[in-house]
Amino acid sequence: MSEVLRGGVVVKSIQQQIKLQVAELKAKGIIPTMGIVRVGKRPDDIAYENSILKNSQSVGVETEIYEMNEDIPMEEFVPFVKQLNANKALHGILIFRPLPTQLDIEVIKHLISPSKDIDCMNPISLGRVFEGMQDGFAPCTPKAVMEILKYYEIPLMGADVVIINSSSVVGRPLGMLMLDQKATVTLCHSKTRNLKEVASRADIVVAAVGRPAFFDETYFNEASIVIDVGINECKDGKICGDVDYDNVADKVKGISPVPGGVGAVTTAILVKHVIEACKLQQLK
């Protein structure tokens, strides 16, 4: 019988840790606070914002929402972000992406101070991940994958891990986090030859290609641990992952569901990063 690697219990474990840390900070007169910058009113941004607010409130982390007009020009947006950097009451900054076309992401991604960059937008933050440094913040989705594996005590040392995504947001930083745990990592992408053969030999497979129910049972073996990062709208209008869950779940050793898996943990990681940022800033 395969094990369902549910994110809800992982979230509760993370929240318990956060509550203790928030209490310690507030006892010192420090209120951990996150600043969320949303440009426009995209429904998915608002849904994510509501999820963050719910998670933050449940653990005592404050949030400040900064809603900007969708047509805000660069000459207004840049100094605003710089003001947030200088605001000592804000410990973490999150800018929702994608941004409107008039806002140059290649400039903006350098604006957030690495000490407040809770979702690894600044290339300096990503560089710290690749250097194995502990004073930065990895992207939240890769960290969520790692937290799930840690909670369910999936051994990584010496494990063969296949990550089917090579982006700088998921695949590459996740690969570095896996390497830090002494796993042997293969990053796959659209040009990978014999993907089924490569994936089916692995101990752990992370699927993140954004194609609904794309991976069937032929990509895995009976000892596979399958982490599904995909969030897609299926033909029936429901949310599903990249893995054909119904046909794969009983043929592998463990699998994370969608919804209720990695996505649920990602928001908790974001809130956790606010606490870590707050503590790092107090040391300076």
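Report note on the peptides 160-170, 36-46, 189-199, 245-255: ranked by the mean count of other C-beta atoms within 10 Å, highest first, their order is 160-170, 245-255, 36-46, 189-199. Between S168 and R211, the modelled label-to-label distance comes to 2.5 nm, taking each label 7 Å out from Cα in the direction of the beta carbon. Checking every one of the GluC sites (Glu not before Pro) in region 110-196 against DSSP loop status and a limit of 14 other Cβ atoms within 10 Å picks out E153. Each residue of region 253-258 was assigned a 3J(HN,Hα) from its phi angle through the Karplus expression (A = 6.51, B = -1.76, C = 1.60, θ = phi - 60°), giving 6, x, 8, 8, x, 9 Hz with x at Gly and Pro. Using the Cβ of S51 as centre and a radius below 15 Å, the other residues enclosed give a net charge of 0, where K and R count +1 and D and E count -1.
Protein-only accessible surface at a 1.4 angstrom probe places the residues R201, R128, R97 in the order R201, R97, R128, largest first.
Ranking V37, S13, I154 by how far each Cα lies toward the positive end of the dipole of the chain (charges on Cβ) leaves S13 at the top. Between G261 and G7, the built amide H atoms are under 5 Å apart, and every one of these is 5 or more places off in sequence or on another chain. Estimated from the Cβ-Cβ distance and a Förster radius of 30 angstrom, the FRET efficiency linking K28 and V4 is about 0.15.
Amide hydrogen proximity for F137: with H placed 1.01 Å from N in the peptide plane, no residue at 5 or more positions away or on another chain lies under 5 Å.
For region 189-194, backbone phi angles converted through the Karplus equation (6.51, -1.76, 1.60; θ = phi - 60°) give residue-by-residue couplings of 8, 5, 9, 5, 7, 6 Hz, Gly and Pro being listed as x.
Against the main long axis of the alpha-carbon atoms of the chain, helix 140-151 sits at an angle near 60°. Note on region 1-110: with charges restricted to the Cβ of Lys and Arg (+1) and Asp and Glu (-1), its dipole about the Cα centre is near 620 debye.
Summary of the geometry: region 229-248 and region 50-80, compared by the centres of their Cα atoms, lie 30 Å apart. FRET efficiency for F130 and K41, Cβ-Cβ distance as r, R0 = 22 Å, nearest 0.05? The calculated FRET efficiency here is 0.05.
Considering only N50, L111, T192, and ranking their Cα positions along the charge dipole of the chain that arises from unit charges at the beta-carbon of Lys, Arg, Asp and Glu, the one farthest toward the positive end is L111.
Fully extending the segment from Q181 to K12 would add 58.5 nm, taking 0.36 nm per residue of separation and subtracting the current Cα-Cα distance. Of all DSSP bridge pairs formed entirely within the chain, close to 5 percent run antiparallel. Remark: region 166-180, residue by residue, has Karplus-estimated 3J(HN,Hα) of 10, 6, 7, 8, 10, x, 5, x, 5, x, 5, 5, 5, 4, 4 Hz, where x stands for each Gly or Pro and the curve is 6.51 cos²θ - 1.76 cosθ + 1.60 at θ = phi - 60°. Label-to-label distance for S58 and K150 is 1.9 nm, based on points extended 7 Å past Cα in the beta-carbon direction.
Cross-link pairs exceeding 24 Å in C-alpha to C-alpha distance, out of K26/K150; K196/K253; K150/K253; K54/K238; K26/K82, comprise K26/K150; K26/K82. Each label point was placed 7 Å from the Cα along the Cα-to-Cβ direction; for E70 and N221 their separation is 5.0 nm. Judged by the mean number of other Cβ atoms found within 10 Å, the most tightly packed of the peptides 74-85, 227-238 leads the ranking 227-238, 74-85. Counted residue by residue at 0.36 nm each, then reduced by the alpha carbon distance between them, the extension gain from C234 to V78 reaches 52.3 nm. Only beta bridges with both residues in region 165-279 are counted; by DSSP, about 20 percent of them are antiparallel. If you place +1 on the Cβ of every Lys and Arg and -1 on the Cβ of every Asp and Glu, how big does the dipole about the Cα centre of the chain come out, in debye to the nearest 20? The calculated dipole for the chain is roughly 680 debye.
Largest accessible area first, the listed residues T63, T184 line up as T184, T63 when surface is computed with a 1.4 Å probe on the assembled protein chains. For region 1-88, the relative contact order is 31 percent, taking Cα pairs closer than 8 Å that sit 6 or more residues apart in sequence and dividing their mean separation by the residue count. As a length-normalised measure over Cα pairs under 8 Å and 6 or more apart, the relative contact order of region 1-155 settles at 21 percent.
The values are calculated or read from the model by the stated rules, or taken from the named source; none is laboratory data. Small disclaimer: the values here were computed from a predicted structure and weren't measured. Note that we place each Cβ from the backbone using ideal geometry, even for glycine, and neighbour counts take in every protein chain shown. All accessible areas refer to the heavy atoms of the entire protein, side chains included, with ligands and DNA or RNA removed. Shrake-Rupley method; radii C 1.70, N 1.55, O 1.52, S 1.80 Å.
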